[in-house]
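Trainee: A single structure is presented below for examination.
Please treat every number below as a calculation from the coordinates, not as lab data. Since we're looking at a predicted model, the values are computed, not measured. Virtual Cβ from ideal backbone geometry, glycine too; neighbours counted across all protein chains shown.
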Amino acid sequence: MSRKPSKIEHEGKIVSMDAQSIEVEIVNKSACATCHAKGVCGASEEQVRIIVIPQTLATATAGYQVGDTVKLVLSATMGLKAVTLAYGLPLLVLLAAILVLSAIGLKQLYVGLLALAAVALYYIIFAIFKDKIDKEFVFSIEQ
């Protein structure tokens, strides 16, 4: 019986700190990053991201310094919520639009275009509320 992880972890390096936040740089690597042929393949990908962690009493008293290697932690339920918002709901919007527009008798071309427009509208609304959504997904730091 396999056990599901309770948290998502990324290793990163502190690049800057101030009284309000700590910025940690993480490197997202593709699944083939350890392949010996990655240099000639072109499919491998590395992406550097900066994650901003709000300064708390615990992080302020932990004695972190710029350059320290730390572990960023996010609960697995937040990871599932992020995947649902980014992929699951747009899929449901697409399928619902296709079913409704087909049921009212539109031509397939219009059904396809309007269904894609509905997904685009979803992502526009998502972008408008991005700051509010970002506040729900807060990483914490472990050394």
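Trainee: At a 10 Å Cβ-Cβ cut-off, how would you order MET78, MET17, fewest neighbours first?
Mentor: Numbers: MET78 15, MET17 18.
Starting with the residue having the fewest Cβ neighbours, the order is MET78, MET17.
Trainee: Counting only pairs 8 or more residues apart or on different chains, how many lysine pairs in region 7-142 have their Cα atoms under 17 Å apart?
Mentor: Count of close lysine pairs: 9.
Trainee: For region 69-143, which trypsin sites (Lys or Arg not before Pro) pass both filters: DSSP loop (anything but H, G, I, E, B) and at most 16 other C-beta atoms within 10 Å?
Mentor: Working: sites: LYS71, LYS81, LYS107, LYS130, LYS132, LYS135; in loops: LYS107.
Answer by residue number: LYS107.
Trainee: Please report, in whole Å, how far the alpha carbons of region 7-142 spread along each principal axis, starting with the longest.
Mentor: 65, 42, 22
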